[in-house]
Amino acid sequence: MRAALVLDFDGTIIDTEDPVHRSWAETYEAHGHELDLAAWQAIIGLDDGFDPWADLQRRVGRPLEASVQEARRRRRDELLAGLDLRPGIRRWLDDAERLGVPVGVASSSPPEWVEGHLVRLGLRDRVEALACCDGVIPSKPDPTSYRTACAALGADPSLSVAVEDSPHGVAAATAAGLWTVAVPHPLTAGLDLSRADRVVASLEDLDLEEALAQARRRRTSS
C-alpha cells in the first residue's frame, strides 16, 4: 500500500468559506438582522445543520422571495471569482506529482460544486479521486470520505496525509487514520483544531515530504 495526499476542498484548497459567509452576512444585514458567527462556525465542514435561509425567514417573520436567494448566490459567485489557491497548495500539489504521491479530495460539499471549482482552477487533472457528500458518502465528521478517497487511490490511510481547515474535518481525517495538518482561515482560526497532528498558519510552513515522513514514523512507532 502506498501513501496519498488527501485534501479537504472548501477553506483548504481555496477559501470558499469567506465568500459564502459574507454573502449570507450581507443578506442578513440588508434585512435588518445580523448573522450569528458562532452558529455559522458550527456548520463549517458539514453539509447540514444550521440553515441560514430558514433562519433569516424566521427572523423576518415571512417567506422571502426566491430573488433574494438568487441575488445572494450571485454575490457569492462574484466573490468566489476573485479567489486564488490558498498559500502552499500549488507547491504541495507539485511536490506530490514529483514524489509520485496520488492526490484525492474529501469534501462535505456536493461533487458538482467541488468538481466545477477544480475545473475552473485548472486542477481537475491533478486530483485522482473525489470523495464528496453525494447521498452515499456522509458528511464529516464521519470519516467515510477520507476512507473512500484512500481506497480509490490504493493508499494506506496510516501512511497518508490529510489537510483540513475545520474541527469537523480534522475529526473525520484523524478518525480515518490519516496524519492530519490543520490550516485555519479567518473563520476557523479561533476554533479547536487540537486533534490535528500539526496546526500551521500556512502550508508554506510545512513540506509535504516532512508530513509524509511524520506519518511513516507514527506508523512505525505504533
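Output the 0 to 90 degree angle, nearest 10, between the alpha-carbon long axis of helix 17-30 and the longest principal axis computed from the alpha carbons of the chain. The angle comes out at about 10 degrees. Helix 144-153 axis versus longest C-alpha principal axis of the chain: approximately 40°, rounded to the nearest ten.
Overall, the anisotropy analysis places the stretch 54-106 in the prolate class: the square-rooted eigenvalues a ≥ b ≥ c of its C-alpha gyration tensor yield a/c not less than 1.5, with a/b exceeding b/c.
Which log10 I(q)/I(0) values, to two decimals, does the chain give at q = 0.10 Å⁻¹ under the Debye formula with one point per Cα? With no solvent term, the Cα-only Debye profile gives -0.44.
Of ALA149, ALA39, ALA129, which is the most mobile in a GNM of the chain whose springs link Cα atoms less than 10 angstrom apart? Among ALA149, ALA39, ALA129, the largest GNM mean-square fluctuation belongs to ALA39. Estimated from the Cβ-Cβ distance and a Förster radius of 35 angstrom, the FRET efficiency linking ARG219 and ARG126 is about 0.85. Judged by the mean number of other Cβ atoms found within 10 Å, the most tightly packed of the peptides 196-203, 157-164 leads the ranking 157-164, 196-203. Once all Cα-Cα distances of the stretch 17-81 are split into 5 Å bins that start at 0, what whole-number percent is in each one? Distribution as computed: 3, 17, 29, 27, 18, 4, 0 percent. Using just its DSSP H runs of length 4 or more, each adding -39500 (n - 2.57), the chain gives a mean residue ellipticity at 222 nm of -13500 deg cm²/dmol after division by all residues.
Between ARG73 and TRP113, 0.36 nm times their residue separation minus their Cα-Cα distance comes to what? Please list the in-between numbers first.
Values: separation 40, 0.36 × 40 = 14.40 nm, distance 1.31 nm.
Net length gain for the segment: 13.1 nm.
No lab work stands behind these numbers, since they all come straight from the coordinates. All values derive from a computational prediction rather than experimental measurement. In this analysis, Cβ positions are derived from the backbone assuming ideal geometry, glycine residues included, and neighbour counts consider all displayed protein chains.
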